[in-house]
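The values are calculated or read from the model by the stated rules, or taken from the named source; none is laboratory data. Nothing here was measured: the structure is a model prediction, and the numbers come from that model. Note that we place each Cβ from the backbone using ideal geometry, even for glycine, and neighbour counts take in every protein chain shown. Surface areas here come from the heavy atoms of the whole protein model, side chains and all, with no ligands, DNA or RNA. Shrake-Rupley method; radii C 1.70, N 1.55, O 1.52, S 1.80 Å.
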Amino acid sequence: LVAKEGCNSVRLPFNTRTLMDSAPDGSLMFNQAMIARIDRCLSWCRRHGIYLILDMHGAPGGQTGTNIDDSASDHPDLFTSSEYQEQCVTIWQMLAARYADEPAVAGYDLLNEPLPKWFNGYNHLLMPLYRRIVQAIREVDTRHMIILEGVHWANDWSVFDELSHNP
């Protein structure tokens, strides 16, 4: 139906709480049932000639501090915890390594609608995290598009102003 309507992509949201498990040594590993769901969706996309965009809708610790990211404490803990940031970077690198050679994957939407305006005191932390994630992805995947969203429900792009001054 998506392809018949003239659309060319599906943006697949995922929550890291359900996508990842802890290995016995404490490292992160994919929840095989959830990765199988992504792979089934990818197979469907391939079959119908459309692209898949992987969208981190629920980052470790939460990127919004609201119910849309399943924040445990109603706070964007991703930006206050180095452990959550490291997990986020690791997850994206694992996903990019898994799908690096997959032509039906269009790209990676790194964080869905980060930091609403009432948490704008953390806005300065977004670009450094984006840079870390992009670097980790590019170590294993140089072909896929990377999607960066602005703050406050992706409507405020002022966090990208520094890019116009420091390319």
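Could you identify which residue out of A72, A33, A100 has the top mean-square fluctuation in a GNM of the chain using Cα springs shorter than 10 Å? Fluctuation is largest for A33. Between the listed residues L1, T18, G58, the Cα displaced farthest toward the positive end of the dipole of the range 1-137, a dipole computed from Cβ unit charges relative to the Cα centre, is found at L1.
Mean-square fluctuations from a GNM of the chain, with a 10 angstrom spring cutoff on Cα atoms, peak among A97, A136, A23 at A23.
According to the Cα-based calculation, Rg over Rh for the chain is 0.97, with Rh computed by the Kirkwood formula.
For the chain, what is the accessible area per residue in Å² when the probe is 1.4 Å?
On the way: 8720 Å² over 167 residues.
Solvent-accessible surface per residue comes out at 52 Å².
For the range 103-167 versus the range 43-86, the inter-centroid distance based on Cα atoms is 12 Å.
Nothing charged except the Cβ atoms of Lys and Arg (+1) and of Asp and Glu (-1): what's the magnitude of the dipole of the chain about its Cα centre? Round to the nearest 20 debye.
Working: 13 positive and 21 negative charges, 123 e Å.
Computed about the Cα centre, the dipole is about 600 debye.
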